[in-house]
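Here's the structure, in structure tokens; my notes come after.
What follows draws every value from the coordinates through simple rules; no lab data is involved. Bear in mind the structure is a predicted one, so any value in this text is a computation, not a measurement. Glycine also receives a Cβ, built like all others from the backbone with ideal geometry; neighbour counts cover every protein chain displayed.
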Ligand code: ADP
Ligand code: MG
């Protein structure tokens, strides 16, 4: 994989059927029809689709592709693909490469094995995929990938892309309404922009394959704290070691070929932890690209004898991995609606969008929290590293002061000590880029965008962005409804801003989110504190949330119930698999290893007692009795864990099933872990059957 820096512009997007390629390969009529379809969201004409399919196929075949696939994002949060070759037999027994408009636009697949949460009974197992012409097709491993949406026979969304596209359309429509109120008649479309920073761990494959827990669960289920972890802060932004650098270079090459705007790479806080951040893009492309990035991070690692761990918490005691979802709204004229303006009137518009965001997050905090809930992320949120499980917004001192003065109706003293009376038509100048950074906040305003930091590293970014777009659109709609009929726009705007900031100030928090006192303070403010996924599941389908999504046409009630059922099922399954994995590791390897070691100690003790009866045998005697005690404690715990798993309620139990796995299985897993970690520190390395944290975290 040669990466000639001069050639990066040429390399970039070389495997993407993008606008440039379309311009070159499509007739002007076909090209402009496609453009029109993107602009209006109108369906493509059959014959146009056929011409595009043909051009796509010719281009792909020239680049060595033999197959095509409708690439989609089922509700598992992963991606799915089924490959069909382009071959079509001819009468003389040969084949030619063909691809029709029909094949491009629509696919049909037996979808009975994808989780549907009850949306699709197996007797009508068919799922349909339809081309998403707003996302470019690309070639990977000899196959032409066509990004598609995935839905059932009756039209229900079975994927993550459909609702994301719906929410983008919605937030655009409501934003444009607001812009009209400020006299902007040119903007036709507003786009949700997203930049998703992705964290990951890299470990050597040799240690990975020796740990069944890493292989089966993606995380270690035990492992004593190593003498050195992240306490010296020497890894964060540290020099990237050559092997990791080679991996990152290779990864960039692959991402660039597919048009992913990979921009930043660095070492993260924990040993063996790294990050990749792309330049932001529209939410749909950002979501597709994040899926590709996660996939390529894994496959490129294999080429380097490495394994990429995307789990939220592969190792206890050091930081886990998350994803920062940077979100903003921009107009088709290039304006970022979250950029504080230079004039008071621009700022009035900015403050209205800000007010909508603040109100939306406050009104739907449980929904936002639920959208990042998973068994893996539960190990992070509320721990001492990631943001707390309580949703709040950090705005920075200046914005907080401005909001305070709007609420109080008092004068605002800006940084240059200028006194600004916040009156009917004067809003303060908002200094740009003065926000300081609060690393503990789950949702921080960072100058011209919001950074949602609660996402888990494995999850699709679709869910959180669907929610942010929808709550934003909902609040903007309410504002537009009120202001469109106003007789005195300025006065009503002021009133609305003041009321909104006043009513929703409780969600703004500038302090340390890791501090214990915050949980108490948040409770006093009436903010939700949904600690685990089991707590989030009922919140996700509360009446308020169902109303929000159904009213706005993002999800039907059935689609939401289905998604919730899938989350519940996967939460329980993950903990179930972890329990079985731990039981097996303990029974087959840990108990026998500790016994063997105790046995060796005992034999040597007997020999030494014979040889030198008067010597001290304190070390051996203490160790042997401690090992025996802890090993039998571990046996007891394992048996209890087995029993707990055997007695677990089934799917019919609903939320009770999730609560059971949380309260009765996970807690035993944690108890067993403490004992195993203790045994690990007492057992000679020669006998311990698994690589330790030092072995794994410093393996690369
Ligand atoms: P950090 O210090 O958190 O890494 P950066 O400025 O490097 O912050 O940006 C992080 C991510 O935010 C990048 O993916 C970047 O492209 C994205 N980003 C920057 N501006 C915007 C914006 N206006 N809207 C959405 N994402 C943005
Ligand atoms: Mg960030």
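Remarks
- The range 5-159 - share of DSSP beta bridges that are antiparallel (%, nearest 5): 85 percent
- By DSSP, the beta bridges lying fully in the range 167-555 are antiparallel in about 90 percent of cases.
- Förster radius 56 Å - calculated FRET efficiency between residue 8 and residue 485, Cβ distance, rounded to 0.05: 0.55
- Kirkwood analysis of the range 29-139, using all unique Cα-Cα pairs, places the hydrodynamic radius at 15.7 Å.
- Computed from Cα atoms alone, the Kirkwood hydrodynamic radius reported for the range 269-373 is 17.2 Å.
- Helix 344-363 vs. the chain, principal-axis angle (Cα, 0 to 90°, nearest 10): 40 degrees
- Alpha-carbon geometry of the range 265-321: the Rg and the Dmax are 12.7, 36 Å, given in that order.
- Length gained on full extension, residue 295 to residue 516: 75.8 nm, using 0.36 nm per residue less the C-alpha separation.
- FRET efficiency, residue 617 to residue 154 (Cβ-Cβ, R0 60 Å, nearest 0.05): 0.20
- Zone of residue 239's modelled label, taken as backbone nitrogen in the range 247-291 under 20 Å from a point 7 Å along Cα→Cβ: 247-249, 265-275
- Cα-Cα separations in the range 228-277 greater than 15 Å, expressed as whole percent: 47 percent
- The ranking of 546, 239 by Cβ neighbour count inside 10 Å, starting from the fewest, reads 239, 546.
- Using the alpha carbons alone, the radius of gyration of the range 194-299 stands to its Kirkwood radius in an Rg to Rh ratio of 1.00.
- Dimensions of the range 633-682 based on its C-alpha atoms, expressed as ranges along the principal axes with the largest first, amount to 44, 15, 10 Å.
- In whole percents, the pair-distance distribution calculated for the range 187-226 from its alpha-carbon pairs, binned every 10 Å from zero, is 20, 36, 15, 13, 11, 6.
- The residues 279, 508, 402, when put in order of fewest to most other Cβ atoms within 10 Å, stand as 279, 508, 402.
- Contact order relative to length of the chain, as percent, for alpha carbon pairs under 8 angstrom and 6 or more apart: 15 percent
- Here the ratio of the Cα radius of gyration of the range 570-697 to 2.2 N^0.38 Å is 1.33.
- Measuring max minus min along each principal axis, the C-alpha atoms of the chain give extents of 100, 85, 56 Å (largest first).
- Potential lengthening of the chain between residue 209 and residue 636 amounts to 150.9 nm, from the contour at 0.36 nm per residue minus the alpha-carbon distance.
- Helical contribution to [θ] at 222 nm, DSSP H n ≥ 4, -39,500 (n - 2.57), averaged over the chain, rounded to 500: -15000 deg cm²/dmol
- Each listed q (0.07, 0.10, 0.14, 0.15 Å⁻¹) maps to a log10 I(q)/I(0) for the range 167-555 from the Debye sum over equal C-alpha point scatterers, namely -0.34, -0.68, -1.24, -1.38.
- Translational D in µm²/s for the range 564-633 (Stokes-Einstein at 37 °C, 0.692 mPa s, Kirkwood Rh from C-alpha pairs): 220 µm²/s
- Percent of Cα pairs exceeding the 19 Å cut-off, where the set is the range 528-591: 50 percent
- Among 165, 232, the order by Cβ neighbours within 10 angstrom, fewest to most, reads 232, 165.
- Relative to the longest principal axis of the Cα atoms of the chain, the long axis of helix 591-611 lies at roughly 30 degrees.
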